[in-house]
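See structure below.
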Amino acid sequence: MVNESAPETDINLEGLGGGRYRLSGRLGFSNASHALTLVNRLVGNGAKVHMDLSELRQIDSAGLAVLLEYWRHCQQAGDRLVLESPPAQLQRLIRISDLEAILGAA
């Protein structure tokens, strides 16, 4: 199990094992670069990557860009990113950005 976070970033990416992760906290402009460094350490095992977003309290357009980068990173590693339990705020961002085909939730 891997748990990577920093108090000043208010974002946590926790490895739950078996290609499962939990992203919690707030994801946006202020911590997007930190969030990107977390996924580079955790993703890339050649399978589905399940990302539980049920504890994501806030996300903005920069956070959406981070999730797109997670998706791209997974694709390059031969993985498939599956978003689970995305908050309503993220669902709206995905819809208005016309990204359902890429970031559609499970």
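List of remarks:
- If you go through region 59-88 and keep only what is more than 10 Å from the chain's Cα centre (by Cα), at pLDDT below 95 and not aliphatic (A, V, I, L, M), you end up with 72, 73, 74, 75, 76, 78, 79, 80.
- Enumeration of residues in region 31-75 that are of a type in the set (Gly, Ala, Ser) and either within 22 Å of residue 91 (Cβ to Cβ) or crowded, with 17+ Cβ neighbours inside 10 Å (or both): 32, 35, 54, 61, 62, 63, 65
- In region 26-46, residue farthest from residue 76 (Cα to Cα) [restricted to those that are modelled with pLDDT of 75 or more and polar (S, T, N, Q)]: 30
The values are calculated or read from the model by the stated rules, or taken from the named source; none is laboratory data. In this text the structure is predicted, and so the values were computed from the model without any measurement. Heads up, the Cβs are rebuilt from the backbone with ideal geometry, glycines too, and the neighbour counts pull from every protein chain shown.
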